[in-house]
Amino acid sequence: VESNISGDINGILLTFFGGVTACVIALMLVSTLNSTYMLVAILRYDCVNRDVPFDEFWRKRCEPDWKLALRAFSYGVPLFMVVVALVAWVTFWESDSLYYSATVVTVIALMVTIFWFGSTERKWTGYLMTSDARVLTRGMSFIGSSGRRLSVVGDGEEQNRRSNDGSQDGELSSDGGESLNISSLAIGELTSSDIKMK
């Protein structure tokens, strides 16, 4: 952001403005470069031969960089709003309406920051930072190790059904041996290797 800096501006304000601006640029640069490199790595992934399964490739090669990029972006957004507020104070320093103009910009920046932390960051960052993100599915069924059919009937609610009678509802799966652990699975059924891993 370009601004005309007055010669008699408060030194502490100017130092704080310069430091926060440098932090925002650094954080956004780290986030952008990591995301770009990950995208190139994913595009180079061999989808035909699949020597390494994609989930393993993601966990070992991309996930640490993804978490770093997301963390840098999550810190960069509120700091950017601090820069917007500071730009108002630096720009309007010699203006007669300094306090009114700068306060309006600061309040808007504060409201956006509160919205960021209260809604967007709170909703997505925790979910996206977990290694084993859970996906809520409906109407999916899988065959467990004991031959029982496991079905997801609602918002992640697990229900056992006998493999010989798919229409008869059984008890909820609470014994741990038949629990349905859905990770990074949106559509389809578990393969035999996935069932063995459970």
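The values are calculated or read from the model by the stated rules, or taken from the named source; none is laboratory data. Computed from a predicted model, the values in this text were never measured in an experiment. Cβ sites come from the backbone with ideal geometry, for glycine too, and all protein chains shown count toward neighbours. Surface areas here come from the heavy atoms of the whole protein model, side chains and all, with no ligands, DNA or RNA. Shrake-Rupley method; radii C 1.70, N 1.55, O 1.52, S 1.80 Å.
Numbers for the structure displayed
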quantity	calculated
Ser97 - accessible surface, heavy atoms, 1.4 Å probe, Å² rounded to 10	40
Two-site label geometry, Leu98 and Arg71: point separation in nm, points 7 Å out along Cα→Cβ	3.9
Of all accessible heavy-atom area on the stretch 1-123, the percent that carbon and sulfur account for (1.4 Å)	67
Area accessible to solvent at Asp51, 1.4 Å probe radius, in Å²	140
GluC sites (Glu not before Pro) within the stretch 1-104: DSSP coil, no more than 16 neighbouring Cβ in 10 Å	Glu2, Glu94
Heavy-atom surface of the stretch 11-52, accessible at 1.4 Å and reported per residue (Å²)	71
Selection from Thr113, Trp93, Ala69, by position along the positive dipole direction of the stretch 52-139 (Cβ)	Ala69
Inter-probe distance in nm under a simple model that places probes 7 Å from Cα toward Cβ, at Tyr37 and Ile9	3.4
Full-stretch length increase - Val48, Thr120 - with 0.36 nm per residue and alpha-carbon distance subtracted	22.3 nm
Relative contact order [Cα under 8 Å, 6+ residues apart], the stretch 1-136, whole percent	34
Solvent exposure, largest accessible area first (probe 1.4 Å, DNA, RNA and ligands not counted), of Met81, Met111	Met111, Met81
